[in-house]
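Below: the structure, in structure tokens.
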Amino acid sequence: MVWNWARIGYATVVEGIIAGSDRDLIVAARSSTDYLAAYSLDAEQWRGWIEIVPEKDYLKRGRRHQIDHPDRPNAFIAPNLVLLHNCWLDTGTINQARVAHMFSQPMQVPAVQGVMGEHEIMPLSAWPQIQALSNLPDPGGHPRSRNAGHRIGQMLAADPAQLHDPKSPARKKARSYMRQSMSPRWLAGGLAVEAMNWLQTFEWREGESSLSPIETMLRAYAYMPDVDPPPNIKIEVEKLKKLVV
């Protein structure tokens, strides 16, 4: 479960960045999430395993002396995403070699099935993989939600040029969705990384907006007109809110 600790810890890091927390504290917290993510991958915690059932219990477990647990693609995708996010914050670039490795990892099901939703990989410009999600169940094997995030992600994957056209249907729908979701659903609901994914996709836009990663994150306040930023970042936020991105 170390991979899940990394994912949960990173959500706290993102909240801290948007809230203007101490930069040294953020750097230390990010270092911890990097360590946990790398440890999980080095230990291959995503691999399947065989559970040996004690003789006295096997009748209760379907008359089998062992249970084969499959690979867990979500346990591989999640720590890789943490490392990709931290790399982006440090360098303002997406490590496409790691992206390619993440999706090419052989396992019993396609590695991309470990992605929770389109929003997780939109910032990576992983358009073919996003299109593949339409035909794959979620990490638990259940049908995927066909919500607004799914529809916008699929629109963008079908025509990636929409990302850089301010009048495109995908851009318009995304900005509306971000205004509806940023404060009441994402940042108030522990889904800060989801907020970051949407900001990175539509505010950073593959680096074409010229915003730094931190500026991109602080653009969250452009979608929260009724939320006052903390005093230590208020001036910076007010300048960023006025930008036409």
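The mean sequence distance of close C-alpha pairs (under 8 Å, at least 6 residues apart), as a share of the length of the chain, puts its relative contact order at 17 percent. Charged side chains reduced to their Cβ positions (Lys and Arg at +1, Asp and Glu at -1) give region 1-133 a dipole of some 460 debye around its Cα centre. Under a no-solvent Debye model with one identical scatterer per Cα of region 77-131, what's log10 I(q)/I(0) at q = 0.15, 0.18, 0.24, 0.26 Å⁻¹? With no solvent term, the Cα-only Debye profile gives -0.38, -0.55, -0.98, -1.14.
Each peptide among 4-10, 86-92 gets the average number of other Cβ atoms lying within 10 Å of its residues, and from highest to lowest they stand as 4-10, 86-92. P(r) tail for region 165-214: Cα pairs beyond 13 Å make up 58% of the total.
Placing unit charges on the Cβ atoms of the charged side chains and taking the dipole of region 12-162 about its Cα centre, the candidate lying farthest along the positive direction among A19, H85, Q162 is Q162. A straight Cα-to-Cα reach below 13 Å connects K167 with none of the aspartates and glutamates, residues fewer than 8 places away in its own chain not being considered. Which of rounded, prolate or oblate describes region 69-173 when judged by the alpha-carbon gyration tensor and an a/c cut-off of 1.5? It comes out oblate by the Cα gyration axes. Across region 104-231, the mean sequence separation of Cα contacts (distance under 8 Å, 6 or more residues apart), normalised by length, yields a relative contact order of 22 percent. Under Stokes-Einstein, with the Kirkwood radius over Cα pairs as Rh, the value for the chain at 4 °C and 1.567 mPa s is 67 µm²/s.
Helix content alone sets the calculated 222 nm mean residue ellipticity of the chain: runs of n ≥ 4 DSSP H residues at -39500 (n - 2.57) each, divided across all residues, give -15000 deg cm²/dmol.
Within the straight-line cut-off of under 14 Å between alpha carbons, the aspartates and glutamates reachable from K241 are E203, E215, D226, D228, sequence neighbours fewer than 8 places apart in one chain being disregarded.
At a threshold of 8 angstrom on Cα-Cα distance, excluding pairs fewer than six apart, so keeping six or more, what relative contact order does region 1-59 reach in percent? Relative contact order for region 1-59 comes out at 45 percent. Sorted largest first by accessible area at a 1.4 angstrom probe radius, with every protein chain in place, the residues E203, E215 fall in the order E215, E203. Panel values: region 126-215, Kirkwood radius from alpha carbon pairs, Stokes-Einstein at 4 °C and 1.567 mPa s, translational diffusion coefficient 92 µm²/s.
The values are calculated or read from the model by the stated rules, or taken from the named source; none is laboratory data. All of these numbers come straight from a predicted model, not from anything done at the bench. All Cβ positions, glycine included, derive from the backbone under ideal geometry; neighbour counts span all protein chains shown. Areas reflect the complete protein model, heavy atoms only, side chains present, ligands, DNA and RNA absent. Shrake-Rupley method; radii C 1.70, N 1.55, O 1.52, S 1.80 Å.
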